[in-house]
Amino acid sequence: MDPQNQTQAPATPESQNAPAAPADSGAQNAGAVQVSASPATQDSAPQAAPTEQQAAPATTATEMQPSEQELANAMAGKIGGVVVAVEFALIIAVVAAHMKIFSKAQEAGWKALVPFYNLWVLLRVVRLPGWYMILMLIPLVNLYVFIRLYHRLSRSFGQGAGFTLGLIFLPFIFIPILAFSKAEYRALED
């Protein structure tokens, strides 16, 4: 027996499906037993370790776990939802505060709900002319108008310059303080 003829190449998927070659009647195959496995015997026979070509691609632990990007996206979605909920609550609080400020100034509270009209009414409350609404359309000039509006609003309720700064930089805190405090509205003379 020749040892070189007995070694077989590793089976590939193509060679497993190919029909078995007919046995030669020669000296080379005289002592060798040729084994061809049929699909029925492959299941029942013990199988050798699969080769690289036969092995199915295994999923690694990192493929099964969410990636850092997916985790970051999920966290951003949750944080975004919380931020939207907080913003919505702040908007509701500021609108309710404007309604209360209007009622303290002897105006109907519903007027705070109407866009642009609420600004017109607020200008009347602090005794500023209505044409200031046009000035609010001009960039940088509108900053002056809002600062003056907030300063006169704080003065109308007996507050000073510090409260005006609070109205400018933290309106979502200071407008409800102004509305729900015991401060009373006094129309400005000047």
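When the square roots of the Cα gyration tensor eigenvalues are ordered a ≥ b ≥ c, the ratio a/c for segment 88-190 is under 1.5, which makes its shape rounded.
A cut-off under 12 angstrom between Cβ atoms defines the neighbours of SER154, and their net charge, with Lys, Arg +1 and Asp, Glu -1, is +4.
Packing, taken as the mean count of other beta carbons within 10 Å per residue, orders the peptides 80-90, 115-125 from highest to lowest as 115-125, 80-90.
The length gained by stretching the chain between ARG127 and LEU71 to full extension, at 0.36 nm per residue less their Cα-Cα distance, is 14.8 nm. Length gained on full extension, PHE88 to PHE172: 29.1 nm, using 0.36 nm per residue less the C-alpha separation. Assuming charge only on the beta carbon of Lys and Arg (+1) and of Asp and Glu (-1), the dipole of segment 69-180 about its Cα centre is about 500 debye to the nearest 20.
Counting Lys and Arg as +1 and Asp and Glu as -1 over every other residue whose Cβ lies under 14 Å from the Cβ of LEU113, the net charge comes to +1.
For ILE147 and ALA187, what does the FRET efficiency come to when R0 = 22 Å and r is the distance between their Cβ atoms, rounded to the nearest 0.05?
0.65
Taken together, the values in this text are just the output of simple stated rules run on the coordinates, not laboratory data. Keep in mind the model is a prediction, meaning the values are calculated, not measured. Every residue, glycine as well, gets a Cβ built from its backbone with ideal geometry; the counts of neighbours run over all protein chains shown.
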